[in-house]
1. Does any residue of segment 679-695 turn out to be at pLDDT 90 or above, touching a Lys or Arg at 6+ places or on another chain (Cβ under 8 Å) and closer than 16 Å to Ala735 by Cα?
2. Regarding segment 718-736, can at least one residue be identified that is of a type in the set (Phe, Trp, Tyr), open to solvent by less than 10 Å² (accessible area, probe 1.4 Å) and out of contact with any His (no Cβ under 6 Å at 6 or more places or on another chain)?
3. Applying the selection to segment 787-806, what residues are within 22 Å of Ser747 (Cα to Cα) and in a helix (DSSP H, G or I)?
4. Given (1) more than 60 Å from the chain's Cα centre (by Cα); (2) under 23 Å from Glu803 (Cβ atoms), identify the lone condition not met by Arg728.
5. Can you tell me which of Phe513, Phe531, Phe496 is modelled with pLDDT of 75 or more and over 22 Å from the mean Cα position of the chain (by Cα)?
6. Which condition number in (1) modelled with pLDDT under 80; (2) within 17 Å of Leu582 (Cβ to Cβ); (3) crowded, with 20+ Cβ neighbours inside 10 Å is the one that Gly507 fails?
7. Among the residues of segment 751-781, which ones are of a type in the set (A, V, I, L, M, F, W, C) and part of a loop (DSSP other than H, G, I, E, B)?
Amino acid sequence: MKRIKELFAKNASLFIVIISAILLLTAIYEFYNVVYFQVQSNDECLWVQKYSDKGPIDIEVQNVKVDGVAWNAGIRNGDLLIAINNNKVANTSIAQSILNNIKSGNFAEYTIQRGKIQFTAKVYVKKLIEIGGLADAILAIIQMLIGFVVLMAKPNGRAQKIFYAFSAASVLHSLISFLTNLFLKNITPIPFFTYIIGLLWSIGVSFRPFLLLSFFMIFPKPFELSEKKWFRRLIMIIPTIITLLIFVLFVNILKTSFQVTKPNSNLLIIYFSNILDIVYVIALISLVINYRRLKNNNEKKPVLIILISYTIAIAAVFYTSLIAPAISDTVFNSPQYYAPIILIILVPIGFAYSIFKYQLMDVSVVIKNTLIYGAATIGLAAIYFLIMYVLGQSISQAIGTQFQTAIAGTIFIIFALVFQSTKDRFQDFLTARFYPEQFAYQKVLIKFSNDVSTIVGLENILDLMNKTFVRALKINKFAILIKGYTPGYFNLVKSFGIDKNEIILNGQLIDNFLLKKSVILNQPIIDRDDFINIFPNEASILNHNNIYTIIPMIIKSKVIGLLLFGLKHSGSKFAGKDLELLSASANQAAIAIENARLYQIEAEKLRMEIDLEFARKIQQGLLPKTIPSINGLDISGEMIPALQVGGDYFDLLKISDSKIFVVVGDVSGKGLAASLYMAKLQTMIQLSCNNDKTPKDILIELNSHFYKSIERNSFVTITLALFDTQNRKLKFCRAGHMPLLEVTNDSVLSYRTQGIGVGLEKGIIFENTLIEEEVLLKEGQIFAFFSDGITETMNESTDLFGESKLSEVLLKNAELQANTILKNVWDEIIYYRGNAAQNDDMTMVLVKII
């Protein structure tokens, strides 16, 4: 999902183009469908379906036009249509489908019943283009083109997005022609894609009036009501509900059209259409009120054009819906009365004229760029062809025409090389000439990007940012907010011309908003229209402080700060290329700020390492400082931690001159937390080990106390052994720890007695599974206690050292003293590991019987 979002973010403009192209092609296809495929055959009469309780029974002919083709064929009002060209007709849809297949100018043979008499009538076939569908298709094409230009001018603008959505809904609204064509073909079973098209049409029909109302609520000036969150939700919820209802009715029409049930859903769809017509009227009223709110005649001119064209379109719709049916027969008999519906195309024409003539909704940036850079490109092409012509003619006259092709190729290569080397300077010249303010910003921000990367310290970086944006760019309102310690909040750290006590922003909604916006823009910008959505509680404060633009400082998809901008020195908002430059500078500043934070983190890390080193010394102090002297035993032990503070532990607790407890444990985890558990473990064991207790008794008691205090995801594995040289016995228990190795007589014996880790279970299972083993002591025996860090040591090929390798080392060195054996074990491990890092603590205690 993340990769898909990144793909959208990187190719936002491309996706807008693709979606717009699909919608535009759909509208063009609808136009083609109306003109060519959906041209209906017309017999200048009306067919009325008659029903009984069981369903459709007859098709009655009504409103026969006097001297029309049906009249001339002898058909009169009240006749029943039985068949067309010997094909029986069950309902009007089937009849129309059959008639549509007959070409214009040909005759259709109607089987008519009048009373008890049946006769054949030859009806001359005329063709009729559905004017309403044609008008819808033309409107959709023009509206989609305008919507695309408007959205590309400012993809993050609220008005631009609503206008584009209205354009898209107009395309979906025109799909009715496609559906009508499918419906008349009587395709059974109904294709699945018909339902998809029906749903899209339902969305277009339901949302188009509400989107237009939303647009006129904020254009040219927003109503206060349009800023209310409940209003925004309501104006989306209502069409959503209507969409579902219309779609359900549409599905019902499809399912009942060829069945015996009378389809009343048509009437309900007409009812909903009348409700939606009311929304169009409310939109007109909103536009009138908005127009009257404008004080300047220059502002009124473009809005007046839109108002006039929209008013004419509304009048055309109401005339066609209400007046035309009252003063005429039917659309089939009097199509000229319904022709004024074509006037609805004045809506997109009015929009187009006003938007491009008066450069509304920030399209001036797109138009100006297109004109300037397009003119420059044409000029360069003209210069090139002029040079080609002049030089070609001159050289041809001098040396003849036989080398003219080679000369032209040489001139082209030279021109291309010169243009490639000078294109950046040429573009700078155009920017400086036609966009002086943008050119000045560009120079300042490039210098800032170079300087900020060399600044050390967060405060110094913030000072440079404040100096650049306030002094160099001459901005009268500016603020820097950095994400604070409180999750989701951005705190003010630098500002100019802003009430410092007010600006604390809750940015909990900002990530989702920017993620959505990144689908359209590579540089997500928070516009003033977006404040209410992202900062619902602080939007009024931002507006009060005359903040118009917020640019996030983003690094690795995370917002670390916000830059707040007022108007430019010229009094206009930042737009187009200005926003790209500011976004690039904001990202550069984000990197510098993050580097400053990382530097601070490194300093804190260094302090932590010092603390850990101190803890390591404490931990090492918990281990035996000297090896106790016991008659008949040669003992050696050592622990090598993987980190500064390890989780391994061993202890040697002398009870008497002939008795000693050997403890080797491994606390789950590493680091400081493991060492703290180790210290606790040592204290408990030292208090428990005495002359009266066996290893099993001690571990059972230890588990009981430790289970109550250890975290549930932590545990300790322990091997506890009691050496008694007087009675020549060894008693030991393994609580989930590594096996105990006994080296004797050129062999190694591995003791793997049962037992689970300390702290895993509160007592019953632990006690039942714990086994105490007893071994007789003999001279020359070596007992090796160790942790898993030894056998799980890996070399550069990730091969394990293993228990067998350890056994070989012990056997090879069995004749040596315990201290030397241990040293040789460490040497073998280091040699085996090579350049691979130590990945776990390593602990070993060797006890040799002498």
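The values are calculated or read from the model by the stated rules, or taken from the named source; none is laboratory data. No experiment lies behind these values; they were computed from the predicted model shown. All Cβ positions, glycine included, derive from the backbone under ideal geometry; neighbour counts span all protein chains shown. Side chains are part of the model used for accessible areas, which takes the heavy atoms of the whole protein and leaves out ligands, DNA and RNA. Shrake-Rupley method; radii C 1.70, N 1.55, O 1.52, S 1.80 Å.
1. Yes, the conditions are met somewhere in segment 679-695.
2. Applying the first criterion (of a type in the set (Phe, Trp, Tyr)) to segment 718-736 yields 723, 732.
Then drop every residue that is not open to solvent by less than 10 Å² (accessible area, probe 1.4 Å), which leaves 723, 732.
Now drop any that are not out of contact with any His (no Cβ under 6 Å at 6 or more places or on another chain), which leaves 723, 732.
Checked segment 718-736: at least one residue is of a type in the set (Phe, Trp, Tyr), open to solvent by less than 10 Å² (accessible area, probe 1.4 Å) and out of contact with any His (no Cβ under 6 Å at 6 or more places or on another chain).
3. If the condition is that a residue be within 22 Å of Ser747 (Cα to Cα) and in a helix (DSSP H, G or I), then Asp788, Ile790, Thr791, Gly802, Glu803, Ser804, Lys805, Leu806 are the ones that fit.
4. Status for Arg728: all satisfied but (2).
5. Numbers: Phe513 fails: over 22 Å from the mean Cα position of the chain (by Cα); Phe531 fails: over 22 Å from the mean Cα position of the chain (by Cα).
After applying the criteria, what remains is Phe496.
6. Result: Gly507 fails condition (2) only.
7. Let us first name the residues in segment 751-781 that are of a type in the set (A, V, I, L, M, F, W, C), namely 756, 758, 760, 764-766, 770-771, 775-777.
Result: Ile756, Leu760, Leu770, Ile771, Leu777.
Rundown of residues vs (1) at pLDDT 80 or above; (2) buried (at least 19 other Cβ atoms within 10 Å of the Cβ); (3) not hydrophobic (A, V, I, L, M, F, W, C), yes/no style:
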residue	(1), (2), (3)
Ile550	yes, yes, no
Lys556	no, no, yes
Ala596	yes, no, no
Ala603	no, no, no
Arg607	no, no, yes
